[in-house]
Amino acid sequence: MSKIISTIIAFFLSANTYTVVYMQESGEETEQTTIITEDIVQKIPKEKISPIKAVSGNPAETTTKSSWWSYPSNIKQVTRSGDDLLVLVNKEYQLPSTYAPTDLVSICNNVTNVRCVNNTNFLIRNIVISDLQEMVNAATNDGIDLSIRSAYRSYTTQQSTYNYWLSMNGGNVGATDQVSARPGHSQHQLGTAIDFSSGEINDGLSGTFASTKASKWLADNAWKYGFVIGYPAGYESVTGYMYESWHYRYIGKTNAQDMVNSGMILELYLRSLN
Ligand SMILES: [Zn+2]
């Protein structure tokens, strides 16, 4: 346990000067560079870090910093259908390249009070629409501005996106794997993941979203509408990804309530069910 904690602390100390090129998650593949500053790191609430003890009994890939971001040598196929809201998709479990949801619809043709950045025709599964509208309405009533930067991405789009970031990182696979999923390993292929932004940061997609009122609102309220954060702060060693304050996955209201009751983050909650 103490070894794990010291590893976590070492990460946060080094994170002060960590330069991260965040994955641009729109189909347009424009890019944005962000530096994680000490300021942002220090804003991570202690309570979001402390439950890290929950990983002490988990697989070997979570025990050393160098392997946090790595893919296991034995990649497995997902154990549930891609259509299943509780399917585990991570660095170990991969969706088939042929998987695509069959009920994709346009977000901004179906949901009001939310902006699709650059008028992009972002797609999401139809089963998400009703709860998304309810969440956006609640946010709007609370004076929160939400925009959408990305939603569904096909296997092929993810492949080109990953390769783009691999190129941006000079071919450094380890660095790329911290911020971008390889094709088949992205929650965006499910059609239930959304990257949010806000007018507070001019609809940008970067670590600065963590400092917005919109981010705080989502962290406090999104689960009530079935949306949960995919890659929370302090759990990099569990998820294998840098903190993404903007990335939420829809698992449905009942499941989200169950997850919150369990005290687990999404990754561990889904591991317990897959
Ligand atoms: Zn995302």
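Sort out which residues of the stretch 114-154 are part of a loop (DSSP other than H, G, I, E, B) and more than 12 Å from SER198 (Cα to Cα), and write them in order of number.
Those that are part of a loop (DSSP other than H, G, I, E, B) and more than 12 Å from SER198 (Cα to Cα): THR120, ASN121, PHE122, ASP142, ALA151, TYR152, ARG153, SER154.
Checking GLU38 against (1) surrounded by fewer than 14 Cβ atoms within 10 Å (Cβ to Cβ); (2) modelled with pLDDT of 95 or more, only one condition comes out false. Which one?
Every condition holds for GLU38 apart from (2).
Residues of the stretch 234-263 being within 16 Å of the ligand (Cβ to nearest atom) and assigned to a helix (DSSP H, G or I), which ones?
Those that are within 16 Å of the ligand (Cβ to nearest atom) and assigned to a helix (DSSP H, G or I): GLU236, THR239.
Taking the criterion of being in contact (Cβ under 8 Å) with a residue 12 or more places away in the chain and touching a His at 6+ places or on another chain (Cβ under 7 Å), would at least one residue in the stretch 106-122 satisfy it?
No, the stretch 106-122 has no match at all.
Somewhere in the stretch 165-172, is a residue in contact with a helix residue (DSSP H, G or I) (Cβ under 7 Å, 6 or more places away or on another chain), outside any loop (DSSP other than H, G, I, E, B) and away from the ligand (no atom under 16 Å from the Cβ)?
Yes, because at least one residue in the stretch 165-172 is in contact with a helix residue (DSSP H, G or I) (Cβ under 7 Å, 6 or more places away or on another chain), outside any loop (DSSP other than H, G, I, E, B) and away from the ligand (no atom under 16 Å from the Cβ).
Name the residue, out of ASN202, ASN172, that is without any contact (Cβ under 8 Å) to a residue 12 or more places away in the chain, out of contact with any Lys or Arg (no Cβ under 9 Å at 6 or more places or on another chain) and under 26 Å from SER106 (Cβ atoms).
Exactly one of ASN202, ASN172 is without any contact (Cβ under 8 Å) to a residue 12 or more places away in the chain, out of contact with any Lys or Arg (no Cβ under 9 Å at 6 or more places or on another chain) and under 26 Å from SER106 (Cβ atoms), namely ASN202.
Do you know which of the residues in the stretch 204-228 that are within 15 Å of the ligand (Cβ to nearest atom) and assigned to a loop (DSSP other than H, G, I, E, B) is surrounded by the most Cβ atoms within 10 Å (Cβ to Cβ)?
Only one residue tops the list, namely LEU205.
Working only within the stretch 225-240, note down all residues that are in contact (Cβ under 8 Å) with a residue 40 or more places away in the chain and of a type outside the set (A, V, I, L, M).
Passing the criteria: TYR225, GLY226, PHE227, GLY230, PRO232, GLY234, TYR235, GLU236, SER237, THR239, GLY240.
Name the single residue, out of those in the stretch 175-203 being within 12 Å of the chain's Cα centre (by Cα), among the hydrophobic types (A, V, I, L, M, F, W, C) and under 21 Å from ALA222 (Cα atoms), that is farthest from the ligand (Cβ to nearest atom).
Taking the candidates together, the pick is PHE196.
The values are calculated or read from the model by the stated rules, or taken from the named source; none is laboratory data. The model shown is predicted, which means the values in this text are computed figures rather than measured ones. In this analysis, Cβ positions are derived from the backbone assuming ideal geometry, glycine residues included, and neighbour counts consider all displayed protein chains.
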